[in-house]
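Note sheet for the following structure.
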Amino acid sequence: AKHIPLPANSVQGISSNDKMSFQRYINAFNWKDPIMEKQWKKLKTISPGDKIINTLFIVLDKVTTTTTKEGNTVYHMLIADNTAKMNASLFDCYGELLQSGDIVRLTGGYCSIYKGASTLYAGKHGKIERIGEYNFPFTDKTDQTDNMSKVQWVQDPTNSEKWLPKH
Amino acid sequence: MNALLFGILCDRQRAQTFWRYMTLVVRDGYAYVCKQLQRLVLEKFPRLNDRGAIQASIQQAQLLWLVRELVNLNVQGVDKVCAGLLRQIVGGNTSTLNCWVARSMLQMFIDFRPWLLSQSSLIPLVFYTFCRLAGDHTDPKLDKMRRQEATLCAELFRERPADVRTVGRDGIRLLQDVSNVHDFVGLWQDLLNNPGQFGMTDLWEMLTVKTPPELLRSRLTPDMEAQLLYIMSHVKMGNQGRYQKWFYNKWLMTPEGGVCESLLADLVRFTCCVYHPPNEVIRSEVVQRWAAIGWLLKCAKTPMGAAGIKLALFYDWLFFTPGHDSVMNVEPAVLLIVRSIPKWMDITVDLVEFVLAAADGWCGDNTIYRDRCRRGIYQAAAECVNLRVINSWSAVSMCPQVGPPLRARLRAQFRGLCKGDPDSPTKEDLEAFGFDATSPRVSSTASTPLASPRPVDPPSEDASSSPQPAGGSGPPVSPRGTDSPASFPGFGGAGGDEDDGGGDAILLSGAAGAAANIPMSDASSSPLAPGAGGGLPSAASLGGRKSPSTSLVFPPAAAAGPP
């Protein structure tokens, strides 16, 4: 999918109530309330096949780049929030301009399996906003127990759209 | 007003017109404009430009132009805007953009010198900033700027000595760092030989003045400060690796792959003196100050940089006075020494060597200062034990990795503080190091006004007896009956009647080379040190700045392995 470069000033203005809600969301381990009329997920609750994912995370590391057949560069990076880490693949300018340590708000992303690891994508309708840097709590266990991308997934036998972690 | 401000900042062609409209429309003496500019400067100045930009953006250039116009009109409140802009100059960074900001501010202060001389709150900050920056501008291309900085600082000191004196001890530390620069030599010499010109009888007066925390904080940009404080307040111990890496990549890395070592010293001073966490934070699992300083210490790549950091870390120790200085400035160093003991012994040994060498070597040949420094270090160490920062210095003096000569020196310096250490310093050791072995041991905690000091050991008559108290309490009495400063073991009484023989420097065999590097000037105010006169050998440090053979303190044979 081709990606349109971000227009300037695309960071959405938020009211101060929403700012406070986001501050609580960033530190919480479960979150059910909508903020800005959207549902926000923590990384731990994301499974492959989820569509329209809204989440806040920080970029830990930019690992590699690959190129797709259409000529888009894909940047593979490791992202995290306070519940989990996972892989993300962002295209073109999104991936190029984000550096490690950037805090990102993703709206309209989706998750699928890429080479056996669940990966978060921004997609055609997804929007990435860099909202800050550095001041973000994240989990970073050395034994990788919090890394969602290391989990093995199997398809749910009852519902081919859903995936379940292999136990 | 907001719209006019926006127009001035963003639209270069019409900025003059907008400025004219603003002068016609303004009714509150530009107070609102100054407030907005202050917010912009403190929070948004780097973001007015692209990340990784090399040149100043239009907005930044226009901002500086507008500030110049406001200074021209002598608007009230523009000094705070200038202070904010000075904060945004990154120390240790000689990129084009940073130098441009520094140069513009410098030019503005030079052009509007009468205005600057009337701003007594801004003068200490300007002096401090440009003394600090002059140390970074070693590139020959920046020569002219450095000369201008030197002239400005010298003028400020001569015209407004009262204001610049409030800068205090860190001002002296900075001047020491640049004292070898040709243009600062005159000022430095005057300060040492003729302090009366600046309204003080002795350089020591300025050294006892604590630098105001706003000045120390001003050398960190607001972003840098926020990131450093985030590590020390929100990140649990053990998780700080990534944050440290990002901080390093953003602020400490130079394009050639080296480290901005002068910035490390600023960060250490900030952590020790400006950020004093409350007890809850100290007791929690968050990264502690000593851990952050340990990381900064390990970042230094050259011995000179490491020496600068260590001096910054122990600087308050040299002049510590119990009632006047706070133990919070001293605590990170103590904890770093003691907590590194099982796992990072090299840090402990390194720091202990440094502090003991600094006690003797920092002030060159001036024995009065040397005694005062030793006393300061003793008092700092005593305060730590008193306020239960650590239980006793015996943890350090008993560790096996501390070599015998160093251990002897440590025991001599911290006599009475190494509870639990069975060996006490022998008479021969004390005399060899220049301590008075005959005076009775007196704790220097008599003047601690702070809450809950533990019961102090009563003085014992025998100087080499074991340091166990007889269980008495009550404040010890100085044996000479002097009031203050309280007499402390082994040093001459107040006024410098020297008991030590010769005041010769100590040989620290087995010293790691890095410990011997104390960038320090030579001369003092007393008419000694003939080397101080002509041919100032450029802040003769012990292997620090220039070649080790110019060191005036350690006899050349003893300069064990300086770089």
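The values are calculated or read from the model by the stated rules, or taken from the named source; none is laboratory data. Computed from a prediction, not measured in an experiment: that's the story for all the values here. Glycine also receives a Cβ, built like all others from the backbone with ideal geometry; neighbour counts cover every protein chain displayed. All accessible areas refer to the heavy atoms of the entire protein, side chains included, with ligands and DNA or RNA removed. Shrake-Rupley method; radii C 1.70, N 1.55, O 1.52, S 1.80 Å.
Laid out as a table, the results:
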| read-out | value |
| --- | --- |
| Residue list for the range B:49-92, filter: within 14 Å of chain A (Cβ to nearest Cβ) and among the hydrophobic types (A, V, I, L, M, F, W, C) | B:Ala53 |
| Total residues in the range B:322-374, condition under 26 Å from B:Pro404 (Cβ atoms) and not in a helix (DSSP H, G or I) | 6 |
| Top-ranked residue in the range A:75-102 [being within 11 Å of chain B (Cβ to nearest Cβ) and of a type in the set (Gly, Ala, Ser); ranked as most open to solvent (accessible area, probe 1.4 Å)] | A:Ser100 |
| Test: residue in the range B:373-388 that is in contact with a Pro (Cβ under 9 Å, 6 or more places away or on another chain), within 18 Å of B:Val349 (Cα to Cα) and open to solvent by 10 Å² or more (accessible area, probe 1.4 Å) | no |
| Qualifying residue in the range B:371-385 (condition: in contact with a Gly (Cβ under 9 Å, 6 or more places away or on another chain) and under 16 Å from B:Trp290 (Cβ atoms)) | no |
| Verdict on B:Ser340 being more than 12 Å from the chain's Cα centre (by Cα) and under 16 Å from B:Ala395 (Cβ atoms) | yes |
| The one condition in (1) surrounded by fewer than 14 Cβ atoms within 10 Å (Cβ to Cβ); (2) not in a helix (DSSP H, G or I) that B:Val90 fails to fulfil | (1) |
| From the options B:Ala395, B:Ala412, residue that is of a type in the set (A, V, I, L, M, F, W, C), closer than 17 Å to B:Ala359 by Cα and not in a loop (DSSP other than H, G, I, E, B) | B:Ala412 |
| Residue, farthest from the other protein chains (Cβ to nearest Cβ), within the range A:103-152, restricted to residues that are without any contact (Cβ under 8 Å) to a residue 60 or more places away in the chain, more than 21 Å from A:Ala28 (Cα to Cα) and among the charged types (D, E, K, R) | A:Lys115 |
